[in-house]
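**Student:** First the structure, which I've put down as structure tokens, then a few questions once you've had a look.
Derivation of every value follows stated rules applied to the coordinates shown; laboratory data play no part. The shown structure was predicted, so the numbers you read here are calculated from the model rather than taken from an experiment. So basically every Cβ, Gly included, is an ideal-geometry build from the backbone, and we count neighbours across all protein chains shown.
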Amino acid sequence: MKRILIAMAIVFAFTACKSGEAPATEAKKIDAQKFFKENIAKVEDLCMEERASDDAEISSAAYTYIDIDKDGVDELYIRDEASDSGWLFCCGADSLQFVASENYKLHFSQLGNIIMLSGSAGTGTFYSGYYEIVNSECIGPDFFELNEFVWGTEDSTRTVYHPVTDFDGDYPEEKTRPFFAKVKEFEKTSEWELLAEGKAFKPLYELTGRIPEDEQ
């Protein structure tokens, strides 16, 4: 009997070595609501550093959670209705990541796991910035699309593509084509929806735990 057990152990060990597969490990799940509450001071600092409007005030802002990429981990969306400003944050890899900010001209819309920041960029120009959220992280490159009216030409409009971090020169089509092909596939079955629509917002002080002075 002892010999049989030893033989079986050897067979199992050989099979495991032959397969070369490491035992599966469960992916770490971040408690986003706890994470953002613990890092709210950093969030507030980034909101003021990255605000798209000088009138934005964090003291009057409100927040909501939204799982953009449907991975079970929430993203944080903050809105200051008074100045029509907003900020979007991720907590992928257990670290704080600022995505983008909106103002009275540029607003967030969602299509699948892609966020678009779009609106007028001045006379005759329309701006659309695209940010893809995967595994609770904003992955790059993040593209923007600029539709410009060009006067005095046969083609009265032209579209140029750039990475969000680089405004110099047109971006190679082989870099932008796969991303915008993905957008078009989403658009076949869904429509862009304003991120704020249908969301329940709570005062930001409820997240910070600080009671406003006028309510103390």
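**Student:** By per-residue mean of other Cβ atoms within 10 Å, what is the highest-first order of 49-56, 180-187?
**Tutor:** 49-56, 180-187
**Student:** Tell me, what is the percent relative contact order of the stretch 27-208, built from C-alpha pairs under 8 Å that lie six or more residues apart?
**Tutor:** Once divided by the residue count of the stretch 27-208, the mean separation gives 19 percent.
**Student:** Please say if the stretch 27-208 is rounded, prolate or oblate, where rounded means a/c under 1.5 for a ≥ b ≥ c the square roots of the C-alpha gyration tensor eigenvalues, and otherwise the choice is prolate for a/b larger than b/c and oblate otherwise?
**Tutor:** Working: a/c = 2.08, a/b = 1.50, b/c = 1.39.
Because a/c hits 1.5 or more and a/b exceeds b/c, the stretch 27-208 counts as prolate.
**Student:** If you don't mind, another one. About the Cα centre of the stretch 27-208, what is the dipole size in debye to 20, counting +1 per Lys and Arg Cβ and -1 per Asp and Glu Cβ, all else neutral? Intermediate results must be reported in sequence, preceding the final value.
**Tutor:** On the way: 17 positive and 37 negative charges, 101 e Å.
I would put it at about 480 debye.
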